[in-house]
Amino acid sequence: MKKKILSIAMCLVLACSVILSDAVTSNAQSEGAFNRVKFKGKRIVKEYQDNAYLKVRKKLKRFILPPKVDLRDRNLVTNVKDQGVHGTCWTHAVMSCLETSLISQNCVRKDDVDLSERHLAWYGHDSASELKDRTLAAGKDRFLMPRLEKVFPKMLPPRELYDLGGSRAITVPTLSRQYGIVDESNCKYDPTANMKAAPESCKRSQMDAALKSVKYLPEPIKVNGKGHYLGTDYDAINALKQQLANCNAISAGISSFSGVSDDEFHYVKPDKKGNALTQVEANHEITIVGYDDNISKDKFDTEVDSPSGYQKPKNNGAFIVKNSYGTGFGRQGYMYLSYDDASLSEPCVYETEANEYKKQDTKHDNSTIYQLDGIGIGAVYTWTSKKAKAGNVFVARDNFKLKELGLTTDVANVDGKVYVIECADKGNKRSANIVAYQNFKTKEAGFMRVKLDDQPVFAKGKKYMVVTEQKLNSNQWIQPVEMGLSKEKNSGMRMEVKPYESFIFRNGKWQDCKNVTAKYFGETHRFGNALIKAYGDNIGEDELKENKTVDIEGDTNMVPPQFMKDYHVVKCTKKTIKVTKKKFRIPKKLIVGGKIAKIKYSIKGNKAKIVKNRFIIAKKKGTATLIVTVIGKGHYKNYKFKIKLIITKKALKRR
């Protein structure tokens, strides 16, 4: 049987040592990182300093796992597909997991769901939004291999983009952005080299099913701080088996080269570098749909001599894997993967909302989203030894009810809080009210949505801020923001960060993320948008009501001063203007305060007209209404004022 081998090329190499931004002393602020992103062939992976950060601290309730689970026997697995000539294993694995999620939640029958791998493969990379309102789809944030920066996307052949590869480093931020879960009928996959760009009729922000959560499961391979292979972590293996017993398919990475047994029984030995064994890098994504403890280790004889001194796994047992090489591969498209495989990495579970699946007509839990973070964690995930939190500022597009907040974390066992700040006008001053506050805890790392007990409402044009604080232990606060390299062309990702939109509290003060940098792994990184999204519904006027203020004690740094200082009120200095000349210049200080991008003037009535947006031309004696439209900069509020004009008889004679 012909074996399909994926080529691997190192696209980016980062230094291995952790660099603290400040010297670590008893009184100093210290910083560090949990992991970093590396580009490796067809997969973009995260390397953890310590895999323990992915382990659930509190042990899950134990129940006796059956010796075998096969989701195919429960009719929860869709048909095997063939990725063909493209490097889209990662999208095939994820779509298969999402299909199983829909089926297991009784949202759809197995034969009635087929999700598009093509849509995610294309828009996972061509992800910069064309929408004018960047809070709808996280603006111009996107992923990109450095070598393609100058030709992307218009001059890039579709075949080459489909061959870029990816992993959960792309899929999680893309799907949480509400791209990519689209029915196959809307964006059909072609395994041949003839597959074109995603059709214009299928927009990047189309969403036939919505992502609810992603769980990052513990890494099955134990390694030490130097990356040396220490063997299989069977607590992690049991965590994967428990997810399968709960009817969840698992997406994971493996190596498709280096002494693989055969197409039916897959086992990769650890590499030997110097005198130490090392984990083998994964370059292929698969879907785990079951396990069997009774598969003999003798089935996994390797074809080449093992540098580690043994040719077989140490233990019996294997996962049942659905591949994306068509039904001609292995056992009708499936194979067994030894529990002891030295390349198994980044296992995760994808969950959809539990709504009846009707393709484009599917009803979702929320009708709209507000977001600025489009690349997720980004280049590195960091911590600091003193309190840290971050938030995004939004402006309600319509009357809006906030129901849920979306959060991304790359470590397990987080104790956190979220709260919502309403910006209120009181006379000529701004004030800030806390209108929702909630604690939360995470077990697994990944993406989650926190449903708010208090669900505030905002009138159209109202400013509000959503903030998250996440603590790992007594001396580690997560800095929940996107992170990118200062030299973007080397980072494989691009962040769009604008002033007065995202803030982080670090080093004892609030700072605008636009202006913050720090060093990790010997390279300067810049801070991006806060990793928090707002979900909810647009509502009618009758549903608007005054929000309840939540009293919070003990924290004097709840609100960024910039949120108060920079959002001051625009005022109109006159209510009536007497026009005494035929060509009357509008007063220069008619509008004061605020952050103003442009002022437009118009006149209601036929007594006068506006010329060059600066002069009032009197036409008839009487009264008219001068309408002043003030357009604010960025997220600043737009205002409209009405001023009474009195056209005198004298104005019709004088120039």
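The values are calculated or read from the model by the stated rules, or taken from the named source; none is laboratory data. Bear in mind the structure is a predicted one, so any value in this text is a computation, not a measurement. Accessible surface is based on the protein model in full, side chains and every heavy atom, while ligands, DNA and RNA are left aside. Shrake-Rupley method; radii C 1.70, N 1.55, O 1.52, S 1.80 Å.
Probe 1.4 Å, all protein chains in place: accessible area of Asp298 in Å², nearest 10?
Answer for Asp298: close to 90 Å² accessible.
In whole Å, largest first, what are the principal axis extents of the Cα atoms in segment 351-504?
49, 42, 36
Using the heavy atoms of the protein chains and a 1.4 angstrom probe, tell me the accessible area per residue for segment 495-541 in square angstrom. Numbers along the way, then the final one.
Working: 1610 Å² over 47 residues.
It amounts to 34 Å² per residue over segment 495-541.
Report, in whole Å, the centroid distance computed from the Cα atoms of segment 591-648 and segment 389-457.
37
How much accessible area does Tyr500 have with a 1.4 Å probe, in Å² rounded to the nearest 10?
Surface open to solvent at Tyr500 totals about 70 Å².
What list of ³J(HN,Hα) values in whole Hz, one per residue of segment 371-384 in order, does the Karplus curve 6.51 cos²θ - 1.76 cosθ + 1.60 (θ = phi - 60°) give from phi, with Gly and Pro shown as x?
For segment 371-384, the Karplus curve yields 7, 10, 8, x, 10, x, 4, x, 7, 7, 10, 10, 9, 9 Hz.
Order Asp114, Asp235, most accessible first, counting only protein heavy atoms with a 1.4 angstrom probe.
Values: Asp114 55, Asp235 100 Å².
Per-residue accessible area, sorted high to low, gives Asp235, Asp114.
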